[in-house]
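The block underneath contains the structure these notes are about, expressed in structure tokens.
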Amino acid sequence: MAISRARSRSFSRSRTLCRATIVGTATAAMLLFARPASAHITVTPGSVPAGSAAVLTLHVPNEEVHASTIKVDVQIPTIHPIARLLVEPVPGWSISVRTITLAKPITTDDGTFNQAVSEVIWSGGRIRPGQFQDFTISADPMPTGISQLAFKAIQTYSSGDIVRWIDLPQPGQPAPDHPAPMVALTTATAPAGAIRASAPPAASGTDGFSRALALAGLLVALLAGLLALTAVRQARRLTPGIRAPAGTTPAMDRVGTASEQASDRLLAGAKGAARRDQAPAGTKPANGSKGTARRDQVPASTKAAGRRPQPRRRG
């Protein structure tokens, strides 16, 4: 019996280990085959308001196993050019910026621009296998009149391989193998200045409501404290042996005493007023009536003692 149980346990453990091995192998295979799809060059944020200034970051991973990325070439759209494009320095990388002369100058709040950046090249650095590098640019303003903007990129490896991330998605077609980094351009719902101008009144209204609530809470707390102190003092007066709560202090006792004295004065004034209403002025009893009352109140024994005995007549 014991042998059969041991065999059953061993078989169960073996089956569990087999299942775990199968699951682990399948997961590793999925990660291995999914890696190239997640190794695309992407740009963040994925959407920005059209006509606004934006800071864009190009995320460049290395998808090769035995080679490093040594050059990244990003093409800036010129059909819808960006008036001012600035590049953030990256330690260990050299930056080369190419410009073109525009057939139609761009006029913005900062002036008129006859040239625009058409290409930015980062070189001299190294993105090793299993690593990535971010490259940041500033665009001001983003183009208007279009729904998206493509930043085509070319990635060069130390092995001589070149990967071109330049394919654009087509409606009704599968996603391309080497898609270009895309930024969606949205329509702003309200100017930024209008939003900033409308923000202070809302903040002030909220602030005033919060202050009113705080003041009301403070008043309620004060009233509750006075009522509690009055109750404690009344209990101590009715029961001399009771002790004050641990949290009470001499100052609190003085406050409770003052509240009690005020309430006692109010009660005394009310009682005096009630007595005056019950006994109107000018109804004092006369002196004669007082004497009559006093004579009426003399005990009967005293009256009997004042009488002289009468002599009895003999027949």
Looking only at segment 170-190, which residues are free of Cβ contacts under 8 Å to residues at least 12 places away in the same chain and either of a type in the set (S, T, N, Q) or loosely packed, with under 14 Cβ neighbours inside 10 Å (or both)?
GLN170, PRO171, GLY172, GLN173, PRO174, ALA175, ASP177, THR189, ALA190
Of all residues in segment 39-74, which are in a loop (DSSP other than H, G, I, E, B) and not small (Gly, Ala, Ser)?
HIS40, ILE41, PRO45, ASN62, GLU63, GLU64, VAL65, HIS66
Among the residues of segment 138-155, what is the count of those that are surrounded by 17 or more Cβ atoms within 10 Å (Cβ to Cβ) and among the polar types (S, T, N, Q)?
1
Can you find a residue in segment 190-211 that is farther than 14 Å from THR42 by Cα, at pLDDT below 95 and assigned to a loop (DSSP other than H, G, I, E, B)?
yes
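The values are calculated or read from the model by the stated rules, or taken from the named source; none is laboratory data. Everything numeric in this text was worked out from a predicted model, so none of it was measured. Neighbour counts run over all protein chains shown; Cβ positions are idealised from the backbone, glycine included.
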